[in-house]
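Quick notes on the structure that follows.
Derivation of every value follows stated rules applied to the coordinates shown; laboratory data play no part. No experiment lies behind these values; they were computed from the predicted model shown. Neighbour counts run over all protein chains shown; Cβ positions are idealised from the backbone, glycine included.
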Amino acid sequence: MHQPIKRIGILTAGGDCPGLNAVIRGVVKTARRHGIEVVGFLRGYEGLVDPVSYVPLNHKNTTGILNQGGTILGSTNKGRFAATVGIDRHIRLDEELLDGVKDTCRQLNLSGLVCIGGDGSLAVAQQFHECGIPVVGVPKTIDNDLSATAFSFGFDSAVACATDALDRLHTTAASHERIFILEVMGRHAGWIALFSGIAGGGDVILIPEVPWSYEYVVKKVLQRERQGKRFTLIVVAEGAHLPDGTLVTREGQQQDRQTRLGGVGAQVAAEIEDRTGRETRVVVLGHLQRGGAPTTFDRVLATQFGAHAVRLVIEKRFGEMVCYQPPSVCSVPIVEGIRELRCVDPASSVVQAARALGISFGDEDPQAVVFVGAAAESDRSLHGDNSRGADSRGDTQEQDEEAACLDTLRDWPAEIVAASVAAPTVGRPSVAAPTSPPAAMPPVATSPVATSLYGR
Ligand code: F6P
């Protein structure tokens, strides 16, 4: 006969993110409707043993937390249960520690334990499962890098934060004609950089999944200048390797915790400034991406995850984690969710769409040939001209863009154009006088790199 479920435990482990409280609320509300009590362990897995620390969760202490960032239970990604160390290597937990957790579950008469966490924390949950502790997992991470779930809550909120930062940088970059580098989080996946880069109108997106080089980044900067856009927004993921393969970290490798990434933005900025002679500033968004209220999307996803986690416990589907496989919230074995990091597929439609718009990934755009080639092909057939070789197609497009830029200037009042032409050009290209024909554009830049890139 089935034992009725009386009580379950819940904890939030690893780095915090917006939406954790929404899951807690979802679990408590759903459990209550089934007559199940909930206890919340404090400070992640640490609250499970020595000393055991928990609070009973009820309507009173979970009301009004849906839109609150952080976690009312506290969390940590350090300590005795930090299962991921070094470059994301999972380690085995101490047997004694696992026995302590079993004792706690027994003593508190828990029928299930809901573990909300990212890659490392779910690896701990998997070890609990393997030694008979009745766990279910809920994926959480702003990095969106867990396999088996299309989205984890926290990601959308982090993207919203980075997008807002780009919106703000856009205006100041344009006003001061600067290059801005925005360094965003994401560990070894480029999701936050990719999504915010698209949503925030970034010009260059550098992510771990796409090898890039300074030449192409500089090329994009100069190409924009030739179009009259004297500023550039570059979004760089903290885990994007430098062209020589270096992963930029905050500190030397520590034995007891994950590698702290960060600093790539400053290095990229220094190099770009050096190569272009243009003022280049860097903004590291850091933990702002993890703070604040969850977006509506994250609230809805987190709430569904909470409700579904209770269902898994009731159905005794231990060792599973909830996941989002659009359009449904469902579940998979935890082990599947942590098997590998889910990184951006460089061939995915979202990357292709970004490239189609002209966003540079700091590499040779494989679409440039396809798109420009198709345009040139149709142009040739319209005009019966088959004299141009493939090599001149890119130039043709660039000349068209320059011409369009000059056309725009022609519509402006003469004094504004004059001021624009007379603007200081230390290390910068000047905008062509409105009377010049497009073909007579002045050299785009004075730096040797620019000259070698454009061969002009
Ligand atoms: O995994 C979430 C995350 O915010 C990463 O994007 C980032 O690299 C890391 O955690 C930062 O961790 P901490 O708060 O320990 O510095």
Could you check segment 273-303 and list, in sequence order, the residues that are assigned to a helix (DSSP H, G or I), surrounded by fewer than 22 Cβ atoms within 10 Å (Cβ to Cβ) and within 16 Å of the ligand (Cβ to nearest atom)? Gly286, His287, Leu288, Arg290
Within segment 3-12, does at least one residue satisfy the condition of being within 16 Å of the ligand (Cβ to nearest atom) and crowded, with 18+ Cβ neighbours inside 10 Å? yes
Please work out if Val114 is surrounded by 24 or more Cβ atoms within 10 Å (Cβ to Cβ) and within 16 Å of the ligand (Cβ to nearest atom). no
So which of Gly306, Gly337 is touching a residue at least 60 places away in the same chain (Cβ under 8 Å), touching a Lys or Arg at 6+ places or on another chain (Cβ under 8 Å) and either outside any helix (DSSP H, G or I) or surrounded by 17 or more Cβ atoms within 10 Å (Cβ to Cβ) (or both)? Gly306
Output the residues belonging to segment 187-230 that are away from the ligand (no atom under 16 Å from the Cβ) and without any contact (Cβ under 8 Å) to a residue 60 or more places away in the chain. Ala199, Gly200, Gly201, Val221, Arg224, Lys229
Only one of Thr296, Thr276 is polar (S, T, N, Q) and within 22 Å of the chain's Cα centre (by Cα). Can you tell me which? Thr296
Please pick out the residue among Gly74, Gly69, Gly79 that is touching a strand residue (DSSP E or B) at 6+ places or on another chain (Cβ under 9 Å), touching a residue at least 12 places away in the same chain (Cβ under 8 Å) and within 16 Å of the ligand (Cβ to nearest atom). Gly74
